[in-house]
Amino acid sequence: MDPHGIFSDLLTVEVNTIVKPNMTAAKMPSLPFALLDIIENFATALLKLGVDLEPYFTPTREQCWAKIRADPQHLEDARASYAAANGGGQPREESDLYDYLGDLWPALDPSLNSWPTTEGWSFSMAGVTNGWDSFERLRIAALAADPKLSAGHEVLITRIVGACSRLKYIVQGVQQFYAPAHAPRLSLGERLGQLLRGRDRRFASWPELLNKTRNDLLRRDQRQQRVPVHHLSPEDQSTVRKIWEVGTESVLAQTCVQLDGDVITRISEDLIEAHTAAVQELVLGCHHRSVDTGLSHWRALVQVAIELVDKVFGRISAR
Amino acid sequence: MPAPKPPRLAELRELLVDLIEGGVVITEPPSPVEGEQVAFRTLIQLDGDICMSIHAEALADPDFAATCARHIAHVREELARHTRALRRWVRAPAWICGALGFSLVYGLGLALDVRGDLASVVVHDVWRQLVLLSAATATSALFAVLARAVVRSLLRRTARP
């Protein structure tokens with residue numbers, strides 16, 4: 001993880017206040033299931049807006065690949081991505097390039113494709129996987145539907161498109177790095193460790209966890225194995241966490257405080273238009289307290305960091 | 001006065017893993033029955049970001065302000081608990097030796113990919129950064145000591161008549 005990434009995150013504090021119609025204390029499930037929850041949440045939101053998901057979720061991976069491999073630019077870009085990720089190597093089979101595609105537009109763009117539609121078709125999560133292409137399918141469906149939707153849904157569509165882009169990037173990166181077709185790129189220490197004691201069976205492998213449907217994950221006997229989330233950077237874990245937590249709900253108030261003292265507060269039109277003055281006051285009051293709490297916590301973390309440095313240099317300079 | 005107990009590794013690990021792996025979730029009520037609706041749900045992440053969710057029906061509750069205040073107080077208590085855990089480690093008398101020793105063990109562990117309870121935490125990227133921070137701090141402190149020794153030596157030479 002890039003240290004600059006860590007410290008730049010700590011330089012800004014973001015506080016969001018959301019109102020939800022239903023809410024329990026349920027903790028976020030493990031990552032593979034959390035990704036499926038997010039997909040289901042976004043798909044449900046798009047279906048409620050009247051978006052037809054059949055043309056985007058019916059084509060199989062093989063059908064999509066057959067369409068895209070006819071596009072020389074996409075194929076060339078995928079080869080370049082593969083070579084960059086695998087030290088200039090070439091895939092054993094051309095279909096291995098699927099996980100290195102930049103997008104699935106050539107296969108799913110409704111203006112270029114007319115997939116057969118089924119009367120009475122209804123979306124079901126039974127056949128949807130938590131692989132990167134599920135997020136790409138949602139992203140394209142949202143983008144294609146945007147011009148046809150009435151005004152007022154832009155925020156939701158933008159949120160879905162943005163979240164699906166980020167999650168596609170994260171999941172595709174993991175699928176590329178830990179793809180079963182290629183030897184994992186291990187460090188010298190990891191290779192020596194594996195040689196001495198074999199693979200660490202306490203953790204499931206990513207090929208066993210990604211690109212799987214919910215039934216696939218439940219069928220596999222992985223209850224005694226843990227998800228190797230330590231392979232993901234804390235930033236990526238935070239991204240998944242935040243997207244799972246916020247979902248498709250409207251953020252009514254948001255405050256960003258930067259280290260240089262800049263403060264940006266955004267208040268949603270929903271709060272102004274859809275709620276009474278009394279409710280607005282309650283929500284903004286809660287938001288104000290959250291911002292105070294966030295800043296106090298931030299100060300406490302900085303204080304701990306200062307004590308850390310002072311402890312070390314204080315001992316040295318006191319000699 | 002008895003010496004303070006050193007923080008247990010398991011306790012620190014639990015608190016840090018909470019923060020690192022996604023964040024801490026605090027609800028109101030604090031310990032609801034499974035499946036029960038909650039009035040407030042606040043997520044706090046390692047980088048300080050906060051996401052507070054309010055149940056729509058709670059807004060109509062005449063006791064909303066009191067519930068909100070209670071929830072915020074609870075959030076502050078939980079955050080203080082996590083921060084105290086971090087601070088205890090900073091103030092522990094053997095921290096410096098412990099950090100250096102930990103770095104050596106961690107480095108050896110990386111080389112051998114040692115199995116053990118610590119393994120799932122030590123391979124985490126944030127721990128890696130802490131190790132690098134420790135090593136960098138120790139190295140710079142060593143250079144500071146050497147530099148001071150050299151400067152003193154030069155000053156003694158220039159001060160001789």
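The values are calculated or read from the model by the stated rules, or taken from the named source; none is laboratory data. What you are looking at is a predicted structure, and each value in this text was computed from that prediction instead of being measured. All Cβ positions, even for glycine, are placed from backbone atoms using ideal geometry, and neighbour counts span all protein chains on display. Side chains included, ligands, DNA and RNA excluded: accessible areas come from the protein's heavy atoms. Shrake-Rupley method; radii C 1.70, N 1.55, O 1.52, S 1.80 Å.
Looking for whichever is on the phi > 0 side of the Ramachandran plot, open to solvent by 30 Å² or more (accessible area, probe 1.4 Å) and over 17 Å from the mean Cα position of the chain (by Cα) here; the options are A:G152, A:G127. Which one fits? The conditions single out A:G152. Could you list, in sequence order, the residues of region A:269-283 that are without any contact (Cβ under 8 Å) to a residue 40 or more places away in the chain and in contact with a strand residue (DSSP E or B) (Cβ under 7 Å, 6 or more places away or on another chain)? Residues satisfying the conditions are A:D270, A:L271. All told, A:L35 falls short of being in contact with a Leu (Cβ under 8 Å, 6 or more places away or on another chain), open to solvent by 10 Å² or more (accessible area, probe 1.4 Å), modelled with pLDDT of 90 or more and not charged (D, E, K, R). State whether one or more residues within region A:93-104 are open to solvent by 60 Å² or more (accessible area, probe 1.4 Å) and within 19 Å of A:S165 (Cα to Cα). Within region A:93-104 (the criterion being open to solvent by 60 Å² or more (accessible area, probe 1.4 Å) and within 19 Å of A:S165 (Cα to Cα)), the answer is no, since none of the residues qualifies. Contact map, region B:67-85: residues that are acidic (D, E) paired with residues that are outside any helix (DSSP H, G or I), Cβ distance under 6 Å, separation 6+ or inter-chain. Pairs shown: B:E78/B:I26.
You will find that of B:S120, B:S103, B:S31, the residue that is modelled with pLDDT of 60 or more, among the polar types (S, T, N, Q) and assigned by TED's automatic domain parsing to the domain that holds B:L142 is B:S103 and no other. Could you please find all residues in region A:12-41 being more than 22 Å from A:W206 (Cβ to Cβ) and assigned to a helix (DSSP H, G or I)? Within region A:12-41, A:N41 is the sole residue that qualifies.
Would a scan of region A:268-287 turn up a residue that is within 26 Å of the chain's Cα centre (by Cα), modelled with pLDDT of 90 or more and within 12 Å of another protein chain (Cβ to nearest Cβ)? Yes - at least one qualifying residue is present in region A:268-287.
Residues in region A:50-67: is at least one within 20 Å of A:R166 (Cα to Cα), in contact with a Phe, Trp or Tyr (Cβ under 9 Å, 6 or more places away or on another chain) and among the β-branched types (V, I, T)?
Looking for residues that are within 20 Å of A:R166 (Cα to Cα), in contact with a Phe, Trp or Tyr (Cβ under 9 Å, 6 or more places away or on another chain) and among the β-branched types (V, I, T), one finds none in region A:50-67, hence no.
With touching a residue at least 24 places away in the same chain (Cβ under 8 Å) and outside the structural domain of A:A34 (by TED's automatic domain parsing) as the only criterion, which of A:L149, A:L108, A:L167 stands out? It would help to see each step written out before you state the result.
Working: A:L149 fails: outside the structural domain of A:A34 (by TED's automatic domain parsing); A:L167 fails: outside the structural domain of A:A34 (by TED's automatic domain parsing).
After ruling out the rest, the residue left standing is A:L108.
Every condition in (1) open to solvent by 40 Å² or more (accessible area, probe 1.4 Å); (2) more than 9 Å from every other protein chain (Cβ to nearest Cβ) holds for B:E28 except the one numbered (1).
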